[in-house]
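Note sheet for the following structure.
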Amino acid sequence: MSVFGLKDLGTKIAITALGFSLIPLIALGVTMYSMFSSTYHSKVQANIATLAENKRQGIDLFLREQVSQLRTLAYSHTIEDLSSPETLENILTTMQLSSKTFIDLGLINEEGVHVSYSGPYNLSQANYKNETWFNQVMVRKIYVSDVFEGFRGFPHMIIAVTKQEKGRVWILRATIDSDIFDSLVRWLQLGDLGDAYLVNRAGELQTRPRFGNKSREIYASFLGGNFSGAKIKEFEDGNKKIFVGGIWLEEKDWLLVIEEDMRGELKPLFKTQAATWGVMGSGVAIIIIGTLMITRMIVSQQERTSRQQAQLNEELIQSSKMAALGKLAAGVAHEVNNPLAVIREKAGWMRDLLEEEDVKASPNFQEFEDAVNKIEQHVERAGNVVHRMLGFARRMEPVCNDLFINDVIKQTAAFLDNEVKFRNIEMVWKLAPDLPTIQSDASQIQQVILNLFNNAIDAIGRNGHITVTTGVDAASKMLSIVIRDDGPGMDKEVQGRIFDPFFTTKKVGEGTGLGLSISYSIISKLGGSIRFESEVGKGTEFTILLPVKHHE
């Protein structure tokens, strides 16, 4: 089974275990929280509706009281008395001793002229005949205005009543202190973040909210038409969510809007939510950690077993390949060696003939001599290849001696000192000083190390580094030799064939492709292993592991 297959198996085990463990827990938590949330939302909305109803009654009562007070004032005094500015001033002063609601008082005749006025503004003799509110009062007899600017030049509201006397219609008008009225509307909000204000049918603010101007979208859905009682909705205002309540006044065509920030009103719910998610989160974390630990243990054990099996299979395949190729190499070497001997003998005979005087006189003598030289040169090369093939095919048992591996490596590297200096390659030594001695074959280890050094030098070419590190492998407790170069590295295709006999990346005539195959065979005979890591553009690293054996 592949590592990816094991990972899939571990994932399936974890998902199945977590599913059976977590789904009931999460379902229970979500159900309980949903039920509590729904109940608490309903309770909060009911509280806001009750508050809206009570506040509506308070505002209606305030408006009725002001209208009633103004009517009482109008009918308890004659027009002659009210036409006197001094009398009107005394009346206003007396009223303000008990309540600061009225800012000013004024008597207006049916032509709209201010007959008398008492207050802080210069409105004497002002004419209101063309003002909208004047015509409304004349028609309705009692009138509470929307907020408007009028002659004052700043927002205010008035209450006005009519009185008939001496065959004429008179209007007694009073200005309501907007600060007192705003405070009345804002008073008794649910929390520190709550707000309350009035808007008219057109959606225009009639009182100042606590927290600045309000978006019409907050209360737009309440303006469509009158409705009885209070309506409650949830609204998202920017980055916060609020409860919005709306209720229409009875004394005036105004909508009372109440806002409550969910963060304040639902704080107990949020605490319950935090506690619920905390308990659930702890339970989920414990279940997940436990499941993952158990799954990892199972998968890790299976991975170790699979890797060991894969390594054994790979070693078996490589050993079988080496054995088959060894037999093939022995047969090929034997068959080739005899023809090479005959060619070598005939080339020697041809050289003897070239020594004769009559042949030397031939105009083609130099070409004959060059041909014989090339024949002998290639026969020598073929002989070397045959010799290596025979060495690859032999099953010589290693000779075991006590070795200090650092000395063996240093002695082997000394053979290449001139080559290393010529190519300007720096040898970096990281040899552990306290390595144990091992029982192994020095000559065969030298052959392997020499092969790796040669390959590293060829890979670098010029101007590079070869780093040699020795130590004891923590996992296998075997002695390790690591040889790393900063050459061009190998791609995946080359890595897959690197230990195959007769495979080489060198130019034709520069390598037989047997070096790493022989090295693999030698290390296997010595009871160790050889592996490598390579990345294109970053170099290649070979690691040799050798057993630490002692005499019994």
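Every number here is computed from the coordinates shown, using simple stated rules; none is lab data. Remember, it's a predicted structure, so these values are computed and weren't measured experimentally. So basically every Cβ, Gly included, is an ideal-geometry build from the backbone, and we count neighbours across all protein chains shown.
Would any residue of the range 214-235 have its amide N under 19 Å from a label point 7 Å out along Cα→Cβ of residue 64? List them or say none. Flagged as within label range: 228-230. On the basis of the beta-carbon distance and an R0 of 25 Å, residue 381 and residue 538 show a calculated FRET efficiency of 0.10. Based on the Cβ-Cβ distance from residue 289 to residue 478, what FRET efficiency comes out when R0 is 45 Å, to the nearest 0.05? Efficiency, rounded to the nearest 0.05: 0.80. Label sites at residue 272 and residue 353, each approximated as a point 7 angstrom past Cα along Cα to Cβ, lie 11.5 nm apart. As a rough guide to protection, the peptides 210-217, 247-254 ranked by mean Cβ packing within 10 Å, highest first, stand as 247-254, 210-217. Based on the Cβ-Cβ distance of residue 136 and residue 240, what FRET efficiency does E = 1/(1 + (r/R0)^6) give at R0 = 41 Å, to the nearest 0.05? Efficiency for this residue pair is about 0.55. Normalised by the number of residues in the range 77-180, the mean separation of alpha-carbon contacts (under 8 Å, six or more apart) gives a relative contact order of 25 percent.
Once you reduce the range 122-146 and the range 81-100 to the center of their Cα atoms, the two points are 20 Å from each other.
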